[in-house]
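**Q** Below: one structure in structure tokens.
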Amino acid sequence: MAVELNATVVWRQEINHGLLVLQVTPDEELPPFKAGQYTVLGLPGSAPRSAYADPEDPPADPDKMIKRAYSIASSSLQGRYLEFYIALVRTGALTPRLFALDAGDRIWLGQRVVGMFTLDDVPPGKHLVFVATGTGLAPYLSMLRSAYECDADRTTIVCHAARVSWDLGYRSELEGMAARYANFHYLPIIDEVDRDPNWQGEVGFVNRFVDEDTIAELLGHALDPTDTSVFLCGNPLMIDSMMELLATLGFKKHTRKQPGSLFVEEYWK
């Protein structure tokens with residue numbers, strides 16, 4: 001028996017053919033959530049696929065609901081819609097169908113919002129370094145949009161890595177925050193400079209900017225777990241390499257039973 005679609009796409013914007021911002025409103029009341037959490041989107045196998053996707057082989061069961069978890073990018077305070085930042089997986093089951101949606105189309109939205117990747121366990125006053133690759137930026141956007149005090153005494157750094165500059169979604173919003181607040185820094189990075197020869201910013205992998213003390217320079221002091229918390233979300237290879245590197249600086253992965261200064265979004269793995 002097919003699951004009934006229970007929400008509507010109210011707005012969409014393709015940043016490029018591989019990146020999509022989707023705003024969804026449920027039929028019932030918007031579920032409460034904390035900034036940094038995630039929920040589930042779904043479409044039936046009968047839903048059309050984007051023309052940018054590869055042919056599906058074998059075809060999906062038209063009556064089966066395809067579901068995946070996505071971090072919420074919208075503020076936890078605005079109460080009108082949930083926003084999602086989605087990358088196209090050309091061979092995937094769900095994202096090609098999400099990319100085919102238009103405003104007014106129906107979608108399935110999970111009724112529960114979950115996840116421990118929030119600011120709840122960060123001690124007051126600690127500096128914050130948010131590290132993301134690709135659409136791993138989404139939970140940080142929700143945090144920053146949810147009454148985050150960008151002008152507080154602590155320093156905030158958003159380090160966002162992508163293949164090329166046109167994959168740096170929400171760049172203008174983050175640049176605007178960096179221009180407005182002295183204690184807020186935005187560090188965009190690309191790694192495929194051959195495809196983007198006009199890029200004038202930083203190039204390489206994220207861990208290079210820890211090794212070379214770029215993040216320490218933005219903080220104004222050495223990266224230290226006693227006064228700084230680091231969040232990681234995105235490519236599992238980035239997460240693994242950063243966890244290994246940060247361990248050499250004394251950072252320990254945070255759990256409720258064993259508090260630490262390194263917060264990792266697990267569902268990406």
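**Q** What value in Å³ per residue do you get for the convex hull of the alpha-carbon atoms in the range 101-157? Don't skip to the answer; put the middle values down first.
**A** Values: hull volume 7.8 nm³, N = 57.
Convex hull of Cα atoms, per residue: 136 Å³.
**Q** Would you mind computing, in nm to one decimal, how far apart the modelled labels at Ala152 and Val40 are, each placed 7 Å from Cα along Cα→Cβ?
**A** 3.3
**Q** Turning to a different aspect of this structure: When ranked by the protection proxy of mean other Cβ atoms within 10 Å per residue, highest first, what sequence do the peptides 52-63, 132-143 form?
**A** 132-143, 52-63
**Q** Over its Cα atoms, what ratio of radius of gyration to 2.2 N^0.38 Å does the range 201-269 give?
**A** 1.10
**Q** Still on this structure, I have one more. By the gyration tensor of its Cα atoms, with a ≥ b ≥ c the square roots of the eigenvalues, what is the shape of the range 61-169: rounded for a/c under 1.5, prolate for a/b over b/c, or oblate?
**A** Prolate shape, in that a/c is at least 1.5 and a/b is the bigger ratio.
**Q** Can you sort Glu173, Glu28 by 1.4 Å-probe accessible area, starting with the largest?
**A** My answer, sorted largest first, is Glu28, Glu173.
**Q** Something else about it: Would the range 1-88 count as rounded, prolate or oblate if I go by the C-alpha gyration tensor, calling it rounded below 1.5 in a/c and otherwise prolate when a/b exceeds b/c, oblate otherwise?
**A** Oblate, since a/c reaches 1.5 and b/c is not below a/b.
**Q** Hey, any idea what the orientation-averaged projected area of the convex hull of the range 96-253's Cα atoms comes to, in nm²?
**A** On the way: hull surface 45.4 nm².
Mean orientational projected area (the range 96-253, Cα hull): 11.4 nm².
**Q** What trypsin sites (Lys or Arg not before Pro) does the range 1-106 have in DSSP loop regions with at most 12 other beta carbons within 10 Å? Don't skip to the answer; put the middle values down first.
**A** Details: sites: Arg12, Lys34, Arg49, Lys64, Lys67, Arg68, Arg80, Arg90, Arg97, Arg106; in loops: Lys34, Arg49, Lys64, Arg80, Arg90.
Of the trypsin sites (Lys or Arg not before Pro), the ones in loops of the range 1-106 whose Cβ has at most 12 other Cβ atoms within 10 Å are Arg80.
**Q** As a check on your grasp of the helix formula, calculate [θ] at 222 nm for the chain: sum -39500 (n - 2.57) over DSSP H runs of n ≥ 4, divide by the residue count, round to the nearest 500.
**A** Details: 6 runs with 45 residues, N = 269.
Calculated at 222 nm, the ellipticity per residue is -4500 deg cm²/dmol.
**Q** Next question, about the same structure. Could you give the accessible area per residue of the chain, probe 1.4 Å, as a whole number in Å²?
**A** Ligands and nucleic acids excluded, the figure is 49 Å² per residue.
The values are calculated or read from the model by the stated rules, or taken from the named source; none is laboratory data. In this text, all values refer to a predicted model and were calculated from it rather than measured experimentally. Here Cβ is always computed from backbone atoms with ideal geometry, including for glycine, and neighbour counts include all displayed protein chains. The area values use the complete protein model at the heavy-atom level, side chains included, leaving out ligands, DNA and RNA. Shrake-Rupley method; radii C 1.70, N 1.55, O 1.52, S 1.80 Å.
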